[in-house]
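Everything on this sheet refers to the single structure shown next.
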Amino acid sequence: ILDALESPARGGSPGTAAALGRGLGVCSTPACRAVLGEPPGTPERPPALSPGQWQLLTELLRHDPATPELGAVLAPDGSTVALGPLLAGIEAGLRSGGFGPPLPTLDPPADPLLAVTIAEALGTSFLLARGGDDNATALGPGGCWDDVENPQNYTSGGPPSPVPDPVAIGAMDGVVLGARLAREPLPVAELLRDYYGTGNGSEERRPPSSYRRRDFGALVGAARLEQEVAAVLGVLRALSPTRELLRDVGTQEVAAVARRAAREFSERYVECPAVVPRCLWGARPYRGTPAPLRPPLGSVFLHHTLEPARPCRTFGACARAMRDMQRFHQDTRGWDDIGYSFVVGSDGYLYEGRGWHWVGAHTKGYNTRGFGVGIVGDFTATLPDPDTLALVRDQLLPCAVRSGHVRPDFTLRGHRQLGHTDCPGNALFQEIQSWPGFQ
């Protein structure tokens, strides 16, 4: 669809898709309209698109604030991306790069790219959640697709906040891609193909989208995000209808809202690794009744899967590996479920096994005392790539401590230290002896 819309031979250009999105209501919030302008009238089907393509595009881009889980797509990397903030970021990037009318200067000064992607959504979400009960949520939830191979419908995993996971992911992607377009305008179809990868096969290269948390964090640290949320709330004071929302909110309260929003967003979406939920990799149901864990636990046990022996580098390959392991653990070993708490792919993602809450079957005699983390591959002679090691060492372990699942004084052990096995392989066992917590 983007190729057709952007074809110069058919009268298209790189900004066509973003302009169509605004006509269909993608940028309907006060700050987004202040940055990108009032939406044009309801657009008609461009001649470059078939009726079926136009129907799909209008379904994907028609924005409804009451159901923010709509307007999302399943990307090749396994993440669910809301198209609204993604397209708004792309348009802001193109315009700041000189393609299209210049962006306005906001008062108080706020970064237009951050305003249309994440800052306004975060500010209003935390403003609405303030003063509510302790369970009032301003971020999340995630959700799942009906069919990973042929996704049609996405269902939220709970009552959605104004920033459910797909909106957060779409906003981060909008910032990363908008910043790139500001430096070098190029066709949007080409940009997206490169960023998300072209398929779910067995390509050797991780798609850039799997690095979104790192890249967003490098562009927008928590301190800058806090500053931009506060600035956008200042802009919203002068706009309708948000001026009513901010009528009795003082400067100090705005600062507190911005601080909390930036901290919680950074902890959830930047500092902690993304976890692919069971429903998304196609898990079978648990057999029997799972036994609950009592966190915080004192140990983390590291494994390699051995089978499959090759690291998985795409969502499709890692999801298949998870299904194969679960089938083996349930049907051959006779266990209730896949044994690991979490499995680490070389595609940049963690895959939920038994998760944080249920006793696993990973380290005999110690399953109630710690979490079992398996890395896909055979690491007898070779190591996982440096990014996969860093995902466990520098993101998963500190995040598990911060979130209260693992004690700050936890011990890290290789599986072989607690049973008669070569797991996690000689090369990986040698590597983890230099990690924090190893005993």
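Structure notes:
Okay, residues lined up against (1) closer than 17 Å to Tyr340 by Cβ; (2) surrounded by fewer than 20 Cβ atoms within 10 Å (Cβ to Cβ); (3) free of Cβ contacts under 8 Å to residues at least 12 places away in the same chain; (4) in contact with a Cys (Cβ under 6 Å, 6 or more places away or on another chain):
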site: Thr380; (1), (2), (3), (4): no, yes, no, no
site: Ala390; (1), (2), (3), (4): no, yes, yes, no
site: Arg393; (1), (2), (3), (4): no, yes, no, no
site: Ala400; (1), (2), (3), (4): yes, no, no, no
site: His405; (1), (2), (3), (4): yes, yes, no, no
site: Gly419; (1), (2), (3), (4): yes, yes, no, no
site: Ala427; (1), (2), (3), (4): no, yes, no, no
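- Looking across Asp347, Asp336, one residue alone is within 16 Å of Pro292 (Cβ to Cβ), in contact (Cβ under 8 Å) with a residue 24 or more places away in the chain and charged (D, E, K, R). It is Asp336.
- Residues located in segment 10-32, provided they are assigned to a loop (DSSP other than H, G, I, E, B) and touching a helix residue (DSSP H, G or I) at 6+ places or on another chain (Cβ under 9 Å): Gly12, Ser13, Pro14, Gly15, Leu24, Gly25, Val26, Cys27, Ser28, Thr29
- Residues that are open to solvent by less than 10 Å² (accessible area, probe 1.4 Å) and in contact with a Ser or Thr (Cβ under 6 Å, 6 or more places away or on another chain), drawn from segment 361-374: Gly370, Phe371, Gly372, Gly374
- Flag: Gly282 matches the condition of being modelled with pLDDT under 95 and touching a helix residue (DSSP H, G or I) at 6+ places or on another chain (Cβ under 8 Å).
- Test: Leu36 is open to solvent by less than 20 Å² (accessible area, probe 1.4 Å), modelled with pLDDT of 90 or more, in the same structural domain as Gly170 (by the TED database) and under 19 Å from Glu120 (Cα atoms): yes
- Unique residue being under 18 Å from Gly437 (Cβ atoms) and modelled with pLDDT of 95 or more when the list is Ala390, Ala321, Ala361: Ala390
- Yes/no for Ala110 being surrounded by 22 or more Cβ atoms within 10 Å (Cβ to Cβ), part of a loop (DSSP other than H, G, I, E, B) and in the same structural domain as Leu225 (by the TED database): yes
- At least 1 residues being under 23 Å from the mean Cα position of the chain (by Cα) is the threshold, and among the helices (runs of 4 or more DSSP H) wholly inside segment 163-263 those reaching it are 165-183, 188-196, 212-219, 222-236.
- Filtered by the rule that a residue be open to solvent by less than 20 Å² (accessible area, probe 1.4 Å) and within 16 Å of Val275 (Cβ to Cβ), segment 145-168 gives Pro164, Pro166, Ala168.
- Matching residues, segment 240-297, being among the hydrophobic types (A, V, I, L, M, F, W, C), within 19 Å of Gly143 (Cβ to Cβ) and either in contact with a Ser or Thr (Cβ under 7 Å, 6 or more places away or on another chain) or open to solvent by less than 40 Å² (accessible area, probe 1.4 Å) (or both): Phe265, Cys272, Ala274, Val276, Leu280, Trp281, Ala283
- Test: Val73 is surrounded by fewer than 21 Cβ atoms within 10 Å (Cβ to Cβ), hydrophobic (A, V, I, L, M, F, W, C) and under 25 Å from Ser210 (Cβ atoms): yes
The values are calculated or read from the model by the stated rules, or taken from the named source; none is laboratory data. Not measured: the values here are computed from a predicted model. Please note: Cβ atoms are built from the backbone with ideal geometry, for glycine as well, and neighbour counts cover all protein chains shown. Note: accessible area is taken over every heavy atom of the protein model, side chains too, but ligands, DNA and RNA are not part of it. Shrake-Rupley method; radii C 1.70, N 1.55, O 1.52, S 1.80 Å.
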